[in-house]
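Only the coordinates and a few stated rules stand behind these numbers; no lab work does. Predicted, not measured: the structure shown is a model, and the values here were computed from it. So basically every Cβ, Gly included, is an ideal-geometry build from the backbone, and we count neighbours across all protein chains shown.
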Amino acid sequence: MTQPQEIPITAEGLAEVKRELDELVSVRRREIIGKIKTAREHGDLSENFEYHAARNEQSFVETRILELEGIVKNHVLIESRASNGRVDLLSRVTFEEDGESPETYRIVGTTEADPTAGRVSFESAIGRALMGHRVGDEVQVRTPSGSSYAVRILKIE
């Protein structure tokens, strides 16, 4: 049997996971059970769209609950380290690609990554490339497709 993989996450991210888990278990699960019960009362389940839709929703919610429980059970808190001038977990990094506007991202664990919200995983192509570098460094980012591009680090917070 394999060991469960540790899941790096910030305290804020863990709180959000626990909030979502509580919502799914205490609210959504009950709502879906009610939908299934109501749909069953309509008779023949083989052609009952409401019943099948509610069962699909139940499957999605139960899968998400298991996923969130796994995160809570196997999490390892990422804590901000003393700044040594290098990009590390929880660093907020501003960089630019030649001719482009500067971009700023916080380096987080995979469960919290959301580039549209300014958070990238340390395991992503850009996160992996930035880790350990300093302001002024030019870094090669290798994409999953095999291409690469260069960015220059402007600021680390």
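Using 7 Å Cα-to-Cβ label points, what is the Lys73/Ser101 separation (nm, one decimal)?
Each label point is offset 7 Å from its Cα along the Cβ direction, giving 4.4 nm.
Tell me the relative contact order for segment 21-157 as a rounded percent, counting alpha carbon contacts under 8 Å between residues six or more apart.
Computed value for segment 21-157: 18 percent relative contact order.
If you consider only alpha-carbon coordinates, what radius of gyration and Dmax does segment 1-79 have, in Å?
For segment 1-79, the Cα radius of gyration and maximum Cα-Cα distance read 16.7, 55 Å.
Need one number: % antiparallel among DSSP beta bridges in the chain, to the nearest 5.
Counting only bridges with both partners in the chain, antiparallel ones make up about 75 percent.
How big is the gap, in Å, between the Cα center of segment 1-76 and the Cα center of segment 77-146?
31
Over 27 Å, how big is the tail of the calculated P(r) for the chain, in percent of all Cα pairs?
Cα-Cα pairs in the chain separated by more than 27 Å: 45 percent.
Would you mind ranking His133, His52 so that the residue whose beta carbon has the fewest other beta carbons within 10 Å leads the list?
The order, fewest Cβ neighbours first, is His52, His133.
Check the straight Cα-Cα distances from Lys73 and name the lysines below 18 Å, setting aside those fewer than 8 residues away within the same chain.
Lys18
Roughly what would the spin-label model give for Glu57 and Val135, points 7 Å off Cα along C-beta, in nm?
Going from the Glu57 label point to the Val135 one covers 5.2 nm.
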